[in-house]
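Here the structure is laid out as structure tokens; the discussion comes afterwards.
Bear in mind these aren't lab numbers, they're just calculated from the coordinates by the rules spelled out. Just so we're clear, the structure is a prediction, and the values are computed from it rather than from any experiment. Cβ placement follows ideal geometry from the backbone for every residue including glycine, while neighbour counts extend to all protein chains displayed.
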Amino acid sequence: MVDFFDDAEEAAFRQVVRDFIAEHGEKGRGSNDGEGSSRGRLRPWREALVSRGWIAPAWPVEVGGAGLSLRQQFILNQELAEHGLANVGGLGVNFFGPALLVHGTEEQKREHLGALLRGETMWAQGWSEPGSGSDLASLQTRAVRQGDEYILNGQKIWTSGAQHADMMYMLARTDPDAPKHRGISLLTFSLRQPGVSVRPLTTMDDRQPFNEVFFEDVHVPVKDRVGDENRGWYVGMTVTDFERSSIGSNVGAARRLREIVKLAQDQPRHQVPGADNPQWRVQFADRWVEAEVSKLFAYRIVSMQSAGLIPNYEGSMAKVYLSELNQRIARTALGLYGLYGMLWDSGRPEAEAGAAVRSYIGAVSSTIAGGTSEIQRNIVATRGLDLPRG
């Protein structure tokens with residue numbers, strides 16, 4: 001059963017969120033670009049979220065969170081997305097923090113949790129390697145224990161924001177003779193120390209969101225390991241009581257469509273030939289319907305969670321649908337401008353729609369990042385449809 005409606009308590013909380021946005025929202029405009037170079041500019045917005053515990057809404061109140069229910073988290077994320085805002089907690093708050101809450105020592109929690117919430121440290125995630133992407137457990141970066149420290153050697157790739165990050169939490173192989181899931185440990189360390197090299201990777205749309213990171217005899221104290229040695233895979237895959245419906249991304253699809261219309265209305269008519277093309281209008285209508293359908297996936301997931309169920313293949317279905325929808329939206333936006341949409345130089349007056357081609361090229365990776373569509377379809381087939389593995 002999918003629950004679309006707020007009860008009285010949820011409706012009251014939604015109004016609290018809207019009042020908060022009305023008071024503080026201008027501090028967070030443009031916050032969807034994440035952390036990185038925007039850390040200082042977004043500090044007032046972060047501080048406003050921290051003051052309510054909303055930077056980490058599911059964390060317990062005693063460690064700086066808000067202790068919100070799943071439905072309240074859903075409402076918060078939905079309202080922020082509707083207003084073009086984002087929770088700027090980053091990877092540290094959203095992924096490392098939950099693992100630390102469950103598996104970290106009291107000393108580690110004291111050292112990191114407060115700094116995470118306040119944005120004093122930015123974290124990168126060391127997961128993928130050149131030969132270990134979808135099959136992450138096959139990773140080969142080695143951490144050899146020598147007394148009270150590990151000596152780390154290897155490479156990570158597709159590391160988001162590492163060029164801006166202060167710290168890294170990463171998976172490394174500490175027992176090469178164990179089965180691949182059982183010989184891995186989760187380590188934390190500074191990216192500023194000797195032996196660490198970060199090299200930004202330029203994507204097709206001329207951005208540098210990712211990096212490759214090299215480790216050469218990097219010293220990591222054993223006390224900075226999170227969880228037991230050789231149990232890092234299970235620490236890294238910790239699932240906590242977080243709302244994971246991706247409602248923000250689903251709402252973002254509808255916002256992009258509204259922005260496409262607004263931008264087109266501001267351009268000279270001859271630069272938006274698609275606006276008078278009935279075929280383009282049909283395409284746009286299809287995208288609008290699809291954006292609404294994508295929200296249904298989010299409602300389904302949070303309804304399951306609220307009922308005490310654990311979404312499995314449902315998350316994969318939502319991920320495939322939304323990532324492919326993002327590509328279709330980018331293609332539709334590009335078609336609106338015809339040849340003008342191919343202009344890359346944003347300095348030219350006729351290239352006001354230059355974001356269309358950048359968005360189109362950038363959308364190529366949406367069906368790869370976060371688990372490829374092929375992997376997600378395999379999950380749907382085996383876990384959802386109970387089909388045999390090929």
*Give the share of C-alpha pairs in each 10 angstrom bin for segment 174-316, from 0 to the last occupied bin, in whole percents, shortest bins first.*
9, 19, 23, 24, 15, 9, 1
*Provide the per-residue ³J(HN,Hα) series for segment 225-230, in order, calculated from phi with Karplus coefficients 6.51, -1.76, 1.60 and θ = phi - 60°, each as a whole number of Hz, with x at glycine and proline positions.*
6, 9, x, 6, 5, 6
*Quick one: what does P(r) look like for segment 181-235 with 10 Å bins over all Cα pairs, in whole %?*
22, 34, 32, 12, 0
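I need the per residue convex hull volume for segment 8-88, using only the alpha carbons, in cubic angstrom as a whole number.
Roughly 85 Å³ of hull volume per residue.
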*Using only Cα atoms, tell me the angle between helix 8-24 and the longest principal axis of the chain; keep it within 0 to 90° and round to the nearest 10.*
80
_For residue 201, what residues show an amide H to amide H distance below 5 Å, using hydrogens built from the backbone and excluding near sequence neighbours?_
210, 211, 212
_Value of relative contact order over the chain, rounded to a whole percent, pairs C-alpha under 8 Å and six or more apart_ = 13
*Using the alpha-carbon atoms, what tilt in degrees (0 to 90, nearest 10) does helix 70-82 show relative to the longest principal axis of the chain?*
50
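Sort 124-135, 191-202 for me by packing, meaning the mean count of neighbouring Cβ atoms within 10 Å per residue, highest on top. It would help to have the intermediate numbers written out before the result.
Working: 124-135: 17.8, 191-202: 14.0.
Top of the packing list down: 124-135, 191-202.
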*How long is segment 247-384 along each principal axis, judged by its Cα atoms, biggest number first, in Å?*
53, 25, 23
*asked:* Can you work out the Karplus-derived ³J(HN,Hα) for every residue in segment 146-151? Use 6.51 cos²θ - 1.76 cosθ + 1.60 with θ = phi - 60°, whole Hz, and x for glycine or proline.
replied: 9, x, 9, 8, 9, 10
*Taking the structure as given and computing semi-axes √(5λ) of the Cα gyration tensor in Å, which label from [x] 36, 25, 23; [y] 43, 24, 17; [z] 29, 25, 21 fits?*
[x]
*Inter-part distance where segment 215-231 and segment 368-388 are each reduced to a Cα centre, Å*: 32
*Amide H contacts under 5 Å for residue 105, placed H, 5+ residues apart*: 227
_Among 74, 55, 44 - extreme Cα towards positive end, dipole of segment 8-88, charges at beta-carbon_ = 44
*What are the residues whose amide H is under 5 Å from the amide H of residue 126, where those residues sit 5 or more places off or on another chain and H is modelled from the backbone?*
169, 170, 171
